[in-house]
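Colleague: If you scroll down you'll find the structure; I have some questions about it.
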Amino acid sequence: QQNNASMSGGHCEGFAALSLLLYSNKIDVNKFGASSAADLKLEGNELLQREIAYWFVTQATQPAASAIIKGTPTDIVNVLKQGYQNGAASETYAVGIYKPDRTGGHAVTAYGVANQGNGLVWILVYDNNYPKDERRIEVDTNANTWKYEAAINPNVASELYQGDASTNTLEVVPSSARLVPQTC
């Protein structure tokens, strides 16, 4: 009941986790009625809706919940860089972002890190609220800050999410922690 109530605010964690598993071919997209993720239809697709809900709930189950990596913005960039050393599909990560006062949160799908020079790094993300847009979380490793324009769901105006080394408002969850049996 608690997790179902939590989903009433959005399903972004489920979208972020499932999109990673589809991207890395750990789950077959054909199972949900299309040959590519971009062709999937959510409306009337109960199997897909249940799958998104399942992966949403893994943020509250073990061992996935204890595998959440929190740190400074620079720490998170370093975790992603290390995870992507052997190719983007060796480990994949959902990214959680929060406002400093925790009044809002959102999850996106990281798929790369791009060094822009002078300490600026982009975490390249897929955001299910902007499915056809190239998006990025901007991290200033010199100032140890981050920012991202996001909406908690596609029907709400976007707002600036941001943080620094003291806010603990940027985190990642490795997909591997979700792919083992989970317990409440």
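The values are calculated or read from the model by the stated rules, or taken from the named source; none is laboratory data. Everything numeric here is computed off the predicted structure, so don't read it as measured data. With ideal geometry, Cβ positions are generated from the backbone for all residues, glycine too; neighbour counts draw on all protein chains shown. Keep in mind that these areas ignore ligands, DNA and RNA; they rest on the heavy atoms of the full protein, side chains included. Shrake-Rupley method; radii C 1.70, N 1.55, O 1.52, S 1.80 Å.
Colleague: Go through (1) buried (at least 19 other Cβ atoms within 10 Å of the Cβ); (2) farther than 25 Å from VAL57 by Cα; (3) out of contact with any Gly (no Cβ under 6 Å at 6 or more places or on another chain); (4) not hydroxyl-bearing (Ser, Thr, Tyr) one by one and return the number of the condition TRP146 breaks.
Modeller: All conditions pass for TRP146, except number (3).
Colleague: May I pose another question? Take TYR84 and decide whether it is among the hydroxyl-bearing types (Ser, Thr, Tyr) and under 22 Å from GLY9 (Cα atoms). Give the derivation first.
Modeller: Working: among the hydroxyl-bearing types (Ser, Thr, Tyr): yes; under 22 Å from GLY9 (Cα atoms): no.
When the stated conditions are applied, TYR84 does not pass them.
Colleague: Give me a count of the residues in region 1-40 that are open to solvent by less than 80 Å² (accessible area, probe 1.4 Å), more than 18 Å from ALA64 (Cβ to Cβ) and part of a helix (DSSP H, G or I).
Modeller: Of the residues in that region, 4 qualify.
Colleague: Please work out if ASN168 is closer than 18 Å to PHE56 by Cα and of a type outside the set (A, V, I, L, M, F, W, C). Even if it seems obvious, please write down each step before you answer.
Modeller: Numbers: closer than 18 Å to PHE56 by Cα: no; of a type outside the set (A, V, I, L, M, F, W, C): yes.
Criteria not met by ASN168.
Colleague: Let me ask something additional. Of all residues in region 55-68, count the ones that are part of a helix (DSSP H, G or I) and surrounded by 14 or more Cβ atoms within 10 Å (Cβ to Cβ).
Modeller: In the first step, residues of region 55-68 are kept if they are part of a helix (DSSP H, G or I); the result is 55-60, 65-67.
In the following step, the residues that additionally are surrounded by 14 or more Cβ atoms within 10 Å (Cβ to Cβ) were identified as 55-60, 65, 67.
Residues that pass the stated criteria total 8.
Colleague: Let me ask something else. Those residues that are in contact (Cβ under 8 Å) with a residue 40 or more places away in the chain, surrounded by fewer than 17 Cβ atoms within 10 Å (Cβ to Cβ) and farther than 19 Å from ASP127 by Cα, I need them from region 69-101; list them, please. First the steps, then the outcome.
Modeller: From region 69-101, those in contact (Cβ under 8 Å) with a residue 40 or more places away in the chain are 69-74, 76-77, 79-80, 83, 89, 91-100; that's our starting set.
Next, from what is left, pick out any that are surrounded by fewer than 17 Cβ atoms within 10 Å (Cβ to Cβ): 70-71, 89, 100.
LYS70, GLY71, PRO100 - these are the residues of region 69-101 that are in contact (Cβ under 8 Å) with a residue 40 or more places away in the chain, surrounded by fewer than 17 Cβ atoms within 10 Å (Cβ to Cβ) and farther than 19 Å from ASP127 by Cα.
Colleague: Within region 123-135, identify whether any single residue is open to solvent by 10 Å² or more (accessible area, probe 1.4 Å), assigned to a loop (DSSP other than H, G, I, E, B), in contact with a strand residue (DSSP E or B) (Cβ under 8 Å, 6 or more places away or on another chain) and of a type in the set (Ser, Thr, Tyr), and answer yes or no.
Modeller: No, because not a single residue in region 123-135 is open to solvent by 10 Å² or more (accessible area, probe 1.4 Å), assigned to a loop (DSSP other than H, G, I, E, B), in contact with a strand residue (DSSP E or B) (Cβ under 8 Å, 6 or more places away or on another chain) and of a type in the set (Ser, Thr, Tyr).
Colleague: Pairs please, first residue from region 22-41 and within 15 Å of ARG178 (Cβ to Cβ), second anywhere and outside any loop (DSSP other than H, G, I, E, B) and open to solvent by 30 Å² or more (accessible area, probe 1.4 Å), Cβ atoms under 6 Å, 6+ apart in sequence or on different chains.
Modeller: The qualifying pairs are LEU22/ALA37.
Colleague: Same structure, new question: Going through region 156-184 one residue at a time, which ones are part of a strand (DSSP E or B) and in contact (Cβ under 8 Å) with a residue 24 or more places away in the chain?
Modeller: So the first thing to find is which residues in region 156-184 are part of a strand (DSSP E or B), and the list is 159-164, 170-174, 183.
Selection gives GLU159, TYR161, GLN162, GLY163, ASP164, LEU170, GLU171, VAL172, VAL173, PRO174, THR183.
Colleague: Within region 43-52, work out how many residues are surrounded by 13 or more Cβ atoms within 10 Å (Cβ to Cβ) and within 19 Å of the chain's Cα centre (by Cα). Step through it out loud before you land on a result.
Modeller: Just the residues of region 43-52 that are surrounded by 13 or more Cβ atoms within 10 Å (Cβ to Cβ), to begin with: 45, 48-49, 51-52.
Narrowing further to those that are within 19 Å of the chain's Cα centre (by Cα): 48-49, 51-52.
Of the residues in that region, 4 qualify.
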